[in-house]
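The values are calculated or read from the model by the stated rules, or taken from the named source; none is laboratory data. Fair warning: this is a prediction, and the values are worked out from it, not measured in the lab. In this analysis, Cβ positions are derived from the backbone assuming ideal geometry, glycine residues included, and neighbour counts consider all displayed protein chains. Calculation scope for accessible area: heavy atoms of the full protein, side chains included, ligands and nucleic acids excluded. Shrake-Rupley method; radii C 1.70, N 1.55, O 1.52, S 1.80 Å.
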Amino acid sequence: MAGPRGWAGKRVLITGAAGFIGSHLVRQLTSCGAQIFAGTSPGRDPQLSSHPLPFDVRDGQAVQDAVAQAEPDVVFHLAAVGVTDPAADPMLTLMVNVGGAVNLLEALRRTDVERVVLVGTSHEYGAREAAGGLDPLSAYAASKVAAWAYGRMYWRAHALPVVTVRPFQVYGPGQPVEALIPAAIRAALSGDDFPMTLGEQELDFVYVSDVADGMMAAAEAPEIEGASVDLGTGVGHTVRRVVDHIWRLTDAEGEIHAGALPYRSGTPMCLIADAGQTARRIGWRATTALEEGLESTIRSLAQRGKHDDA
């Protein structure tokens with residue numbers, strides 16, 4: 001495997017490259033000199049990629065063709081549906097998130113790929129404290145558990161060098177506006193009131209560039225094939241506290257209406273990464289403090305707002 005500075009010239013296939021996390025990963029790998037093959041849904045435009053590969057992960061032949069064209073040394077699989085939709089159609093998550101992963105793993109089975117990084121979700125844990133393991137509360141989370149299981153099978157049965165990473169509550173510039181933090185920031189900057197749940201959920205908020213670094217570390221770490229690692233800070237913050245931070249950092253004039261919205265079905269109340277185990281396995285820890293990450297995200301959204309108004 002490449003060392004920390006050894007990405008130059010590496011052929012890297014990234015599915016979901018035009019998405020929130022994928023686009024950050026593309027930029028960071030490009031800055032390291034990697035040769036990026038950006039897998040996207042047809043019609044989506046990846047940034048900073050000299051090799052766009054539009055294909056549908058549900059199409060096994062299209063996946064085979066993309067892998068043959070990329071001839072990747074490393075693969076990051078981020079393509080998925082339902083990330084921000086707890087009510088996502090179960091059959092669609094099955095076809096895209098599970099079927100897509102299987103198509104990719106099958107296409108890679110007879111290649112010389114050095115590492116395959118499957119991107120799961122902290123929501124696979126669900127009611128983690130009660131279950132002590134994987135316990136998905138939504139179709140999206142269940143599909144990610146199934147994709148993880150297939151990854152383990154391809155590692156055990158075919159020696160495919162698969163590693164799974166589970167990002168926690170990722171935030172940062174470029175996140176879809178319907179997510180909690182950008183929605184709260186937009187309301188704060190606009191002087192609007194912000195209706196929300198009581199915000200008692202204690203979650204591990206991790207900055208997107210840290211997550212991209214963690215994915216790269218998982219691709220480089222030796223002798224961890226078959227393993228799964230958390231990508232989070234190891235520190236929990238309640239949703240209400242995060243919204244309060246945003247209000248303070250923006251001097252917002254609107255009011256926070258905590259409790260105006262009910263909790264969604266399948267909402268986990270406590271999800272915090274095992275950061276110590278991750279550090280031992282891949283030598284990575286998140287470095288961006290919550291306030292620093294929020295300030296960066298606020299600046300990005302404020303600048304985007306200026307462009308939208310121009």
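Take Gly226 and tell me if it is open to solvent by less than 30 Å² (accessible area, probe 1.4 Å), part of a helix (DSSP H, G or I) and in contact with a strand residue (DSSP E or B) (Cβ under 8 Å, 6 or more places away or on another chain).
No: the conditions fail for Gly226.
Within the set of pairs 6 or more residues apart or between chains, which connect a residue that is under 15 Å from Ala159 (Cβ atoms) and in contact (Cβ under 8 Å) with a residue 12 or more places away in the chain inside region 218-230 to a residue that is open to solvent by less than 20 Å² (accessible area, probe 1.4 Å) and part of a strand (DSSP E or B) with Cβ atoms less than 6 Å apart?
Within 6 Å, the pairs are Ile224/Val163; Ala227/Val163.
Report yes if some residue within region 294-301 is at pLDDT below 95 and of a type outside the set (Gly, Ala, Ser); otherwise report no.
No, region 294-301 has no match at all.
Filter region 136-151 down to the residues that are within 15 Å of the chain's Cα centre (by Cα) and either polar (S, T, N, Q) or in a loop (DSSP other than H, G, I, E, B) (or both) and list them by number.
Ser143 - this is the single residue of region 136-151 that is within 15 Å of the chain's Cα centre (by Cα) and either polar (S, T, N, Q) or in a loop (DSSP other than H, G, I, E, B) (or both).
Taking Asp210 as the residue in question, decide whether it is open to solvent by 30 Å² or more (accessible area, probe 1.4 Å), closer than 25 Å to Gln303 by Cβ and in contact (Cβ under 8 Å) with a residue 24 or more places away in the chain.
Against the criterion (open to solvent by 30 Å² or more (accessible area, probe 1.4 Å), closer than 25 Å to Gln303 by Cβ and in contact (Cβ under 8 Å) with a residue 24 or more places away in the chain), Asp210 does not qualify.
Evaluate region 261-280: report whether one residue or more is at pLDDT below 95, at positive phi and in contact with a Leu (Cβ under 8 Å, 6 or more places away or on another chain).
The answer is yes, given that some residue of region 261-280 is at pLDDT below 95, at positive phi and in contact with a Leu (Cβ under 8 Å, 6 or more places away or on another chain).
Looking at region 171-192, I want the residues that are without any contact (Cβ under 8 Å) to a residue 60 or more places away in the chain and have a partner that is in a helix (DSSP H, G or I) with Cβ atoms under 7 Å, at least 6 apart or on another chain. Which pairs are those?
From residues that are without any contact (Cβ under 8 Å) to a residue 60 or more places away in the chain, the pairs are Val177/Ala183; Val177/Arg186.
Of the residues Thr297, Thr287, which single one is surrounded by fewer than 15 Cβ atoms within 10 Å (Cβ to Cβ), more than 19 Å from Leu118 (Cβ to Cβ) and touching a helix residue (DSSP H, G or I) at 6+ places or on another chain (Cβ under 7 Å)? Give the derivation first.
Values: Thr297 fails: surrounded by fewer than 15 Cβ atoms within 10 Å (Cβ to Cβ).
None of the others qualify; the one that does is Thr287.
When region 66-98 is examined, which residues are found to be under 21 Å from Ala34 (Cβ atoms) and without any contact (Cβ under 8 Å) to a residue 60 or more places away in the chain? It would help to see each step written out before you state the result.
Keep residues of region 66-98 that are under 21 Å from Ala34 (Cβ atoms), which gives 66-79.
The answer is Ala66, Val67, Ala68, Gln69, Ala70.
Looking only at region 162-211, how many residues end up being in a loop (DSSP other than H, G, I, E, B) and over 12 Å from the mean Cα position of the chain (by Cα)?
Of the residues in region 162-211, 15 are in a loop (DSSP other than H, G, I, E, B) and over 12 Å from the mean Cα position of the chain (by Cα).
Scan Gly214, Gly276 and give me the residue that is assigned to a helix (DSSP H, G or I), under 24 Å from Val162 (Cα atoms) and more than 19 Å from the chain's Cα centre (by Cα).
None of the other options fit; the residue is Gly276.
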